[in-house]
Amino acid sequence: MGQLKLLTKSIVFSTRSRRRFFTFVAVFAILSGATIILINYFDGFSRQELLDQRGIVLKASAFGTPSPLSLFEAESNSPVGIGINDGQTLAGASKVIFYKYVDFGSTLRIFSMNPSYPWAFSDLKPSNLAKGHFPYSTHQVLVSEDITMTLADAEGGNQIYTKPGLGTLFTLGTAITDPFELKISGIFKKPAVAEADSREWIFLTEKAFTTLIDESHLDFTENEIYIHSITVIAGGDVFLGGTYTEVDRLAAELRPLSQGGSANFNEPLFTPKSEKNELRNMMFLSLIFGLFGTFVVSTLYSYLITRFRRREVAVLKAMGYSKWSVRIVVLSEILVVAITGFAFGLLGIQAFLYLTRSSAYVFNIVFSSTALLSFLAVVLSSVPGFILITTRILGVRPIEIFRQK
Amino acid sequence: MSSNTLIEAKNLTKEYIRGRKEVVVAVNDVDLEIPRGKLIMVTGPSGSGKSTLLNVLSGLDKPTEGKIIFSDEDISGWEEERLSKFRQENIGFIFQNWELIRTLTALENIESPLYPLKIKSKEIRTRAISLLKQVGLWDKVDNYPDELSGGEQQRIGIARALVGKPKIIFADEPTGNLDVDNAGSVMRLLKSFTKRDTAILVVSHNEELKKYSDKAFRMSNGRFI
Ligand SMILES: Nc1ncnc2c1ncn2[C@@H]1O[C@H](COP(=O)(O)OP(=O)(O)OP(=O)(O)O)[C@@H](O)[C@H]1O
Ligand SMILES: [Mg+2]
């Protein structure tokens, strides 16, 4: 009870010294901003690379020909009896993602993409993204470059966009009972296969895709929903190595799907093993560097705070505060500053991303795994520094501090 | 040791090593008894060992030799955490530079020693308010230390030392940074608290302050003279 009271009091008091508080909040905001950018980069990079290392892509072989592979066929007619269903987990796989599409009218081909794994879609690597970011909400859409569509505008009239830019709003015409408005969040370079296709390509999140099908007057059946590709993501741990065995095993298991005259799929695509190891080492190194960097800065920061409060600590100890009580006093300031600083850093980065629309990986950073990871990195890496510094200052006897005028 | 004795120091010696080999005997074989409820003074010139004596008696520093008997227990060999708890329960400190915490108001400074204890916030507040009134600063309840004069800060310091109901208060040059008028009122205030059985040990180079004490010792070269 006593320590809890001390903690709440100390938290309130720690914001009182305005100058010190705002200075440290600013320092921490910059520190965590840098960490967030770093981790966002590595998180995005690693998710793409990790996916490359873990993902096995099965591309529908009949894609773009007059008889595309339907969802129905893919799920029920697997030639070697490997039934793969959307969302189902294959033994040894952590996820199976279907990338579906429908032909909407005669000019539009609408794809579904998994917002958490946008680049598992084999034609849609971040390097193919010309502008903006992947859609993450149901009202966002990714369109191909130089798209020309005839689209119903907000008033219901038709309007032609030769080159719609980021942020352009449109509704998907009259074929939908309850038309929903979409906003262009990103523009991608059309892959070679798409060039050959006369329709315009747009990408919606899986959820928006489902809604579109449900709301459509065109009454799509399972035979009219086609499969572009299936990505199987192997389970196991990349760092510990279990994944690689799974990838090889799954690839071998899936290979029969591409064999025989009437095979539905192309040869499974996956990253060869030597590249995997290199990538893994690189990621591991950057992780170590990132954590070490935040450790150094946050230790420096604990050091500064305890230096500022040295005399106060001496007085508290003379008054009979136990080591833990003094720790609580110092910790509460560090805690308040860290959380406030982190929040500012995060909002700052979010504002930056919003204004520049520059991150292909994570756009809504506030609720992303990047934010969580960064927070954990910042907090975890400051723990050893904090313990180191407070133990050092707590070891100094009050009279020694009083003697230094 | 009479039943009225609170602290008894026997053959107390504190040596410092200065530089490489030079041994400074800051306190040299001192015997001292501090009775309950009395204001005891130790005076002496600079460097005579007053602060060292006070630090050793209060458990802030360890004696090189000798015993410090506090309620039948020798505290001289105790380790840090035990001494902390002991200070929390028995001892109050008043410092020359007041050492108030700048981010706490007058009232919160007085309360601060009690925060880690299992005492309800309401009870803490009641005690602090009562002390604030006794030191005559009720109108400065929400002031921060920077908004108080030196004399006022020292009176807050006195209230803070008293809030834990200590058996003894140690004060090293409590009037060292105050003018004559303020020094007098601080000493009178301290003296007034001895009526509640609180012992007070004041250490100062200022011989003038003797008149406020119940008993005074003079120190020179680490010894009482
Ligand atoms: N940490 C230390 N290391 C070495 N010598 C010390 C130390 N602390 C005190 N001394 C020496 O011990 C002697 C007594 O010092 P002390 O501070 O107790 O004197 P004092 O009577 O309080 O003086 P003042 O009136 O100036 O405060 C002095 O000679 C001082 O130099
Ligand atoms: Mg002194």
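The values are calculated or read from the model by the stated rules, or taken from the named source; none is laboratory data. Small disclaimer: the values here were computed from a predicted structure and weren't measured. FYI the Cβ positions are ideal-geometry reconstructions off the backbone, even for glycines, and counts take in every protein chain you see.
Every condition in (1) at pLDDT 80 or above; (2) more than 14 Å from chain B (Cβ to nearest Cβ); (3) over 30 Å from residue A:141 (Cα atoms) holds for residue A:309 except the one numbered (2).
Tell me whether segment B:211-219 contains one or more residues that are away from ligand 1 (no atom under 13 Å from the Cβ) and assigned to a helix (DSSP H, G or I).
yes
Look through segment A:294-331, keep the residues that are polar (S, T, N, Q) and closer than 15 Å to residue A:7 by Cα, and return whichever of them is nearest to the chain's Cα centre (by Cα).
Initial filter on segment A:294-331 (polar (S, T, N, Q)): A:294, A:298-299, A:302, A:306, A:322, A:325.
Keeping just the survivors that are closer than 15 Å to residue A:7 by Cα gives A:322, A:325.
On the way: A:322: 44, A:325: 40 Å.
Within segment A:294-331, the match that is nearest to the chain's Cα centre (by Cα) is A:325.
Within segment B:107-127, none of the residues are among the aromatic types (Phe, Trp, Tyr), farther than 22 Å from residue A:17 by Cα and either within 16 Å of ligand 2 (Cβ to nearest atom) or crowded, with 21+ Cβ neighbours inside 10 Å (or both).
Of the conditions (1) within 13 Å of ligand 1 (Cβ to nearest atom); (2) closer than 18 Å to residue B:34 by Cβ; (3) surrounded by fewer than 21 Cβ atoms within 10 Å (Cβ to Cβ), residue B:191 fails just one. Which one is it? In the conditions (1) within 13 Å of ligand 1 (Cβ to nearest atom); (2) closer than 18 Å to residue B:34 by Cβ; (3) surrounded by fewer than 21 Cβ atoms within 10 Å (Cβ to Cβ), residue B:191 misses (1) alone. For residue B:101, the criteria (1) more than 10 Å from chain A (Cβ to nearest Cβ); (2) more than 17 Å from residue B:201 (Cα to Cα); (3) of a type in the set (A, V, I, L, M); (4) in contact (Cβ under 8 Å) with a residue 40 or more places away in the chain hold in every case but one, which is (1). The residues of segment B:152-188 that are more than 16 Å from ligand 1 (Cβ to nearest atom) and charged (D, E, K, R), listed by number, are B:152, B:155, B:160, B:165, B:167, B:179, B:181, B:188. Consider segment A:12-35 and keep the residues that are surrounded by 16 or more Cβ atoms within 10 Å (Cβ to Cβ) and of a type in the set (A, V, I, L, M). The one that is farthest from the other protein chains (Cβ to nearest Cβ) is A:34.
Among the residues of segment B:63-98, the ones that are touching a residue at least 40 places away in the same chain (Cβ under 8 Å) and either touching a strand residue (DSSP E or B) at 6+ places or on another chain (Cβ under 6 Å) or at negative phi (or both) come to 18 in all.
Kindly indicate whether any position in segment B:33-40 is within 14 Å of chain A (Cβ to nearest Cβ) and without any contact (Cβ under 8 Å) to a residue 40 or more places away in the chain. Spell out how you get there, then give the answer.
Keep residues of segment B:33-40 that are within 14 Å of chain A (Cβ to nearest Cβ), which gives none.
The answer is no, given that none of the residues of segment B:33-40 is within 14 Å of chain A (Cβ to nearest Cβ) and without any contact (Cβ under 8 Å) to a residue 40 or more places away in the chain.
Please work out if residue B:44 is modelled with pLDDT of 95 or more, within 15 Å of ligand 1 (Cβ to nearest atom) and at positive phi. Here the answer is yes, as residue B:44 does meet what is asked. Filtering segment A:312-343 to residues that are of a type in the set (Val, Ile, Thr), within 22 Å of residue A:404 (Cβ to Cβ) and more than 7 Å from every other protein chain (Cβ to nearest Cβ) leaves A:313, A:326, A:329, A:330. For segment B:152-170, the condition of being outside any helix (DSSP H, G or I), crowded, with 22+ Cβ neighbours inside 10 Å, at pLDDT 95 or above and within 16 Å of ligand 2 (Cβ to nearest atom) holds for at least one residue.
Flag not set for residue B:76, criterion: polar (S, T, N, Q), within 19 Å of residue A:396 (Cα to Cα) and under 15 Å from the mean Cα position of the chain (by Cα). Residue A:299 meets each of the listed conditions (1) at pLDDT 80 or above; (2) among the hydroxyl-bearing types (Ser, Thr, Tyr); (3) under 20 Å from residue A:37 (Cβ atoms) apart from (3).
Reported count of residues in segment B:194-210, each being part of a helix (DSSP H, G or I), more than 16 Å from ligand 1 (Cβ to nearest atom) and out of contact with any Leu (no Cβ under 6 Å at 6 or more places or on another chain), is 2.
So, of the residues in segment B:128-146 that are assigned to a helix (DSSP H, G or I) and within 12 Å of chain A (Cβ to nearest Cβ), which turns out to be farthest from residue A:328 (Cα to Cα)? Don't jump to the end; show me each part of the working.
First, pick out the residues of segment B:128-146 that are assigned to a helix (DSSP H, G or I): B:128-134, B:138-140, B:145-146.
Subsequent filtering for residues that are within 12 Å of chain A (Cβ to nearest Cβ) retains B:145-146.
Working: B:145: 23, B:146: 25 Å.
Once the filter is applied, the top-ranked residue is B:146.
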